Amino acid sequence: MPFSRTTALEYLRRAHQQSRLAHAYLITGPPGSGKQLLAADLASLVNGTPATDVFSAKAREIFVARPESKSRRIVIEQIRDLEHALQMRAVNARRKVAIIPDADRLQPQAANAFLKTLEEPPKDSLLLLLSALPEALPETILSRCIAIPLALNGQLQSNDEEEKLAKLLQEASRQKSWTIQFAYRLAQEFQRLLRAVREEVKRETEEALKRETTR
């Protein structure tokens with residue numbers, strides 16, 4: 001169930017205020033859903049760089065790895081450079097931020113190299129992966145990130161369900177280690193929310209059909 005960008009940022013802002021941000025987030029959504037805008041807002045929140053400068057040369061302690069090779073893939077050399085930068089000591093108490101737009105374009109070797117960073121994140125770092133095709137990412141990477149799904153305007157779920165999902169993700173971010181019981185409850189809650197959204201879509205579709213037949 002996708003968030004609006006505004007709701008997602010509010011959830012992340014609360015987690016930051018409570019010192020409960022996860023070390024890695026996977027921001028997903030179709031083109032135009034605001035993945036880079038949310039990443040810029042979050043990077044600005046923890047790093048202090050203005051959001052408008054996050055993806056520019058003005059940004060400090062923010063490192064971006066984009067597809068740049070002829071094959072439009074993110075290669076292992078880029079990930080090694082990013083990892084080296086994250087190991088450097090941050091200045092002025094800034095939090096270091098790594099952003100990987102189009103993370104689904106990671107070469108297999110690059111993905112394996114970045115997995116080590118996800119497993120042992122450098123101190124005072126935040127890792128942000130962005131993707132419109134998260135299913136193309138290895139399961140080992142997906143399982144180590146908190147997913148933040150975004151929706152295009154006009155394709156959002158109801159505010160009640162959105163708030164429930166926000167609370168669920170916030171609770172997940174507080175867990176230092178997941179027990180089997182917690183993982184099962186999390187899966188059950190996601191399934192319940194998904195059923196609720198499906199029922200709402202079904203109801204709206206039936207109402208639309210009724211209106212059509214009565215014309």
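Taken together, the criteria exclude N112 from residues that are surrounded by fewer than 19 Cβ atoms within 10 Å (Cβ to Cβ) and on the phi > 0 side of the Ramachandran plot. Scanning the stretch 43-56 for residues that are outside any helix (DSSP H, G or I) and under 22 Å from P149 (Cβ atoms) yields a count of 2.
Would you confirm whether any residue within the stretch 146-159 is at pLDDT 90 or above and among the polar types (S, T, N, Q)?
So the first thing to find is which residues in the stretch 146-159 are at pLDDT 90 or above, and the list is 146-150.
With among the polar types (S, T, N, Q) added as a condition, the list becomes none.
Looking for residues that are at pLDDT 90 or above and among the polar types (S, T, N, Q), one finds none in the stretch 146-159, hence no.
Touching a helix residue (DSSP H, G or I) at 6+ places or on another chain (Cβ under 7 Å) and either free of Cβ contacts under 8 Å to residues at least 12 places away in the same chain or surrounded by fewer than 19 Cβ atoms within 10 Å (Cβ to Cβ) (or both): is that true of R95 in this structure?
yes
No other residue among A59, A40, A15 is free of Cβ contacts under 8 Å to residues at least 24 places away in the same chain, part of a helix (DSSP H, G or I) and surrounded by 15 or more Cβ atoms within 10 Å (Cβ to Cβ) apart from A40.
Quick one: is T140 over 22 Å from S33 (Cβ atoms), of a type in the set (S, T, Y) and either touching a Gly at 6+ places or on another chain (Cβ under 6 Å) or modelled with pLDDT of 75 or more (or both)? Against the criterion (over 22 Å from S33 (Cβ atoms), of a type in the set (S, T, Y) and either touching a Gly at 6+ places or on another chain (Cβ under 6 Å) or modelled with pLDDT of 75 or more (or both)), T140 qualifies. Can you pull out every residue in the stretch 98-109 that is surrounded by 15 or more Cβ atoms within 10 Å (Cβ to Cβ) and not polar (S, T, N, Q)? Answer for the stretch 98-109, where residues must be surrounded by 15 or more Cβ atoms within 10 Å (Cβ to Cβ) and not polar (S, T, N, Q): A98, I99, I100, P101, D102, A103, D104, R105, L106.
Within the stretch 18-37, which residues are assigned to a loop (DSSP other than H, G, I, E, B) and of a type in the set (G, A, S)? Answer for the stretch 18-37, where residues must be assigned to a loop (DSSP other than H, G, I, E, B) and of a type in the set (G, A, S): S19, A22, G29, G32, S33, G34.
The values are calculated or read from the model by the stated rules, or taken from the named source; none is laboratory data. Fair warning: this is a prediction, and the values are worked out from it, not measured in the lab. Cβ: placed from backbone, ideal geometry, glycine included. Neighbour counts: every protein chain shown.
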